[in-house]
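Trainee: Handing you this structure, nothing more for now.
The values are calculated or read from the model by the stated rules, or taken from the named source; none is laboratory data. In this text the structure is predicted, and so the values were computed from the model without any measurement. Because the Cβ atoms are built from the backbone with ideal geometry, glycine has one as well, and the counts that use them run over all protein chains shown. Just the protein is used for accessible areas: all its heavy atoms, side chains included, with ligands, DNA and RNA removed. Shrake-Rupley method; radii C 1.70, N 1.55, O 1.52, S 1.80 Å.
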Amino acid sequence: MSDRNLITAIRAREVLDCRGLPTVQVDLELGGTVTGTADVPSGRSTGSNEARELRDGGERFGGFGVLEAVANVNGEIADSLVGTELPEQRALDSALIELDGTENKSRLGANAILGVSLAAARARAQAAGVPLYRALNANAHVLPVPLVNLINGGKHASNDLDFQEFIVIPVGADSILEALQISTEVNLALAEILLERYGKSALNTGDEGGYAPAISSPHEALGLLHEAVANAGHEGRFRYGLDCAATHLYDGESGTYTVAGERYDTDGMIELYLELIREFDVITIEDPLDEEDFEGFARLTAASGIQIVGDDLFVTNPKRLRTGIDQNAANALLWKVNQIGTLSEALDAAELAHRNAYKVVVSERSGETEDPIIADLSVALGAGQIKTGAPVRGERTSKYNRLIRISEELGSTAVYPGREMAPAALAA
């Protein structure tokens, strides 16, 4: 046994996410000298098929405490691993899954298991003296295009916008730094428009840092983004996207969705999306329909000709992704490592997507911490797209700033694939 790879300690604690709620942070120590640390994010708009995080209930922290998950790391998980040699990632994750013994990681908690899984990956990379993205992919060189969420709605904001995210995509930039520069300039221009048109309250923000104006129409929200891009002097350098989180808009009894006070059946929602695509240059839509409507996703994918992303539909689960692939439902996977609960399973989902010509969009959660790990993971995957909120607030900018550093480390080998998503005139 190599002392260098000997697990000498595993420690977990409660820390606070960006909503002020507890989450799990894990340290995994190798050889008494190298420590990998990882925070576990948490979602508010969650799919019913996600792995189960463990919450304490009761009065403490409004029931959101994670002391039980922390105790599971410090007790049962640590007891099974400390004093052993750190196995390869897949073997470690398989051991954690077996130890939990449930289909959805509900006994020990997906938040407990994932914290150990990610901390181990960090420790292994640090022991090897390489950054995490390089430890996972020796040939990593693709920086992701940020899908920048500038207007929030749905469960992420206290306004009347039913769709959850209204996104600008800096396809006309030539680097991650320029992408963030022009996105910030658009955000500043948007603030001026909102202040003048709707007053100070329009500058209140949602969970992911985007503005939450008191509007209800998706047409109005997308129009504001177009206006902000023009006012910032970047017309033609952006395209646009939506995260609809439509499961939360769906009434199973009537089979209808409610958007801006209007009720739509599946056909009506598809027509609404086709209208928004034509009018507002939308090139990506996430979760446009209910999480079990594979057939509806397939119809919209075929009719739209754009990127249709499965989030609640797939929950980063290879089994559900395989169902979608078999039915041609969506053509992109939203990749959230905490939806499935181990790094290995998440990597399997991304590999399955890539093998079947599905795009991969790496994503944060609304309950984020300052841990920038998804920046490394997006580069390791060569995903080419990342969603991590507005270009404000530390839990969001930590990911963007990490990508800037990775770009410097990669130097001339770095590729920013924005023009692959661009209009023909920009791509030429």
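Trainee: Out of region 138-152, which residues are within 24 Å of ALA173 (Cβ to Cβ), open to solvent by 50 Å² or more (accessible area, probe 1.4 Å) and either out of contact with any Leu (no Cβ under 7 Å at 6 or more places or on another chain) or not in a loop (DSSP other than H, G, I, E, B) (or both)?
Mentor: Matches in region 138-152: ASN139 only.
Trainee: Is it true that GLY65 is open to solvent by less than 60 Å² (accessible area, probe 1.4 Å) and in a loop (DSSP other than H, G, I, E, B)?
Mentor: yes
Trainee: Which members of region 251-297 meet the condition of being more than 25 Å from GLN385 (Cβ to Cβ), touching a strand residue (DSSP E or B) at 6+ places or on another chain (Cβ under 9 Å) and of a type outside the set (Ser, Thr, Tyr)?
Mentor: Those that are more than 25 Å from GLN385 (Cβ to Cβ), touching a strand residue (DSSP E or B) at 6+ places or on another chain (Cβ under 9 Å) and of a type outside the set (Ser, Thr, Tyr): ASP251, ARG263, ASP265, GLY268, GLU271.
Trainee: Going by the structure shown, is ARG107 among the charged types (D, E, K, R), assigned to a helix (DSSP H, G or I), touching a Gly at 6+ places or on another chain (Cβ under 7 Å) and at negative phi?
Mentor: So ARG107 fails the test.
Trainee: Output the qualifying pairs, or none if there are none: Cβ atoms under 8 angstrom, residues six or more apart or on different chains, first residue in region 275-293 and within 23 Å of SER254 (Cβ to Cβ) and in contact (Cβ under 8 Å) with a residue 40 or more places away in the chain, second residue part of a loop (DSSP other than H, G, I, E, B) and open to solvent by 20 Å² or more (accessible area, probe 1.4 Å).
Mentor: Note: pairs meeting the criteria are ILE285/ILE306; ASP290/GLY252; GLU291/SER48; GLU291/ASN49.
Trainee: Here are the criteria: (1) touching a residue at least 12 places away in the same chain (Cβ under 8 Å); (2) touching a strand residue (DSSP E or B) at 6+ places or on another chain (Cβ under 9 Å). Tell me which single one THR33 does not satisfy.
Mentor: (1)
Per-residue answers, yes or no, for (1) closer than 22 Å to ASP100 by Cβ; (2) at pLDDT below 95; (3) β-branched (Val, Ile, Thr):
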{"site": "GLY310", "(1), (2), (3)": "no, no, no"}
{"site": "VAL315", "(1), (2), (3)": "yes, no, yes"}
{"site": "LEU321", "(1), (2), (3)": "yes, no, no"}
{"site": "GLY382", "(1), (2), (3)": "no, no, no"}
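Trainee: Got a number for residues in region 153-176 being at pLDDT 85 or above, in a loop (DSSP other than H, G, I, E, B) and open to solvent by less than 30 Å² (accessible area, probe 1.4 Å)?
Mentor: Qualifying residue count, region 153-176: 8.
Trainee: Another question, if that's okay. Looking at ALA125, is it open to solvent by less than 20 Å² (accessible area, probe 1.4 Å) and in a helix (DSSP H, G or I)?
Mentor: So ALA125 passes the test.
Trainee: Here's a follow-up. Quick check on my filter: what residues within region 74-104 are more than 27 Å from LYS319 (Cα to Cα) and aliphatic (A, V, I, L, M)?
Mentor: ALA78, LEU81, VAL82, LEU86
Trainee: While we're here: Which is more than 19 Å from ALA422 (Cα to Cα) and in contact with a Gly (Cβ under 7 Å, 6 or more places away or on another chain), of LEU249, LEU289?
Mentor: Selected residue: LEU289, the only one of LEU249, LEU289 that is more than 19 Å from ALA422 (Cα to Cα) and in contact with a Gly (Cβ under 7 Å, 6 or more places away or on another chain).
Trainee: Among the numbered conditions (1) open to solvent by 60 Å² or more (accessible area, probe 1.4 Å); (2) closer than 12 Å to LEU150 by Cα; (3) modelled with pLDDT of 95 or more, tell me where THR205 comes up short.
Mentor: (3) is the only condition that THR205 fails.
Trainee: Quick one: would you say GLU192 is open to solvent by 20 Å² or more (accessible area, probe 1.4 Å) and either without any contact (Cβ under 8 Å) to a residue 12 or more places away in the chain or under 30 Å from ARG405 (Cβ atoms) (or both)?
Mentor: no
Trainee: Consider only pairs whose beta carbons are under 6 Å apart and that are at least six residues apart or on different chains; among these, list those whose first residue lies in region 248-259 and is free of Cβ contacts under 8 Å to residues at least 40 places away in the same chain and whose second residue is assigned to a strand (DSSP E or B) and open to solvent by 60 Å² or more (accessible area, probe 1.4 Å).
Mentor: Correct list of pairs: THR256/ARG263; TYR257/TYR250.
Trainee: Restricting to region 223-233, what's the tally of residues that are surrounded by fewer than 20 Cβ atoms within 10 Å (Cβ to Cβ), small (Gly, Ala, Ser) and more than 15 Å from ILE277 (Cβ to Cβ)?
Mentor: Total meeting the criteria: 2.
Trainee: From LEU188, LEU180, which residue is closer than 16 Å to GLN385 by Cβ, outside any strand (DSSP E or B) and modelled with pLDDT of 95 or more?
Mentor: Just a single option satisfies the conditions, and that option is LEU180.
Trainee: Among the residues of region 349-370, is there at least one that is over 29 Å from ASP267 (Cβ atoms), modelled with pLDDT of 95 or more, of a type in the set (Lys, Arg) and within 17 Å of the chain's Cα centre (by Cα)?
Mentor: No - not one qualifying residue is present in region 349-370.
Trainee: Something else about it: Which of the numbered conditions does VAL337 fail, given that it passes all the others? Conditions: (1) farther than 23 Å from ARG52 by Cβ; (2) within 21 Å of the chain's Cα centre (by Cα); (3) among the aliphatic types (A, V, I, L, M).
Mentor: Checking VAL337 against (1) farther than 23 Å from ARG52 by Cβ; (2) within 21 Å of the chain's Cα centre (by Cα); (3) among the aliphatic types (A, V, I, L, M), the one that fails is (1).
Trainee: Still on this structure, I have one more. Could you tell me which residue of region 401-428 is least open to solvent (accessible area, probe 1.4 Å), considering only residues that are in a loop (DSSP other than H, G, I, E, B) and modelled with pLDDT of 90 or more?
Mentor: Ranking the candidates gives PRO417 first.
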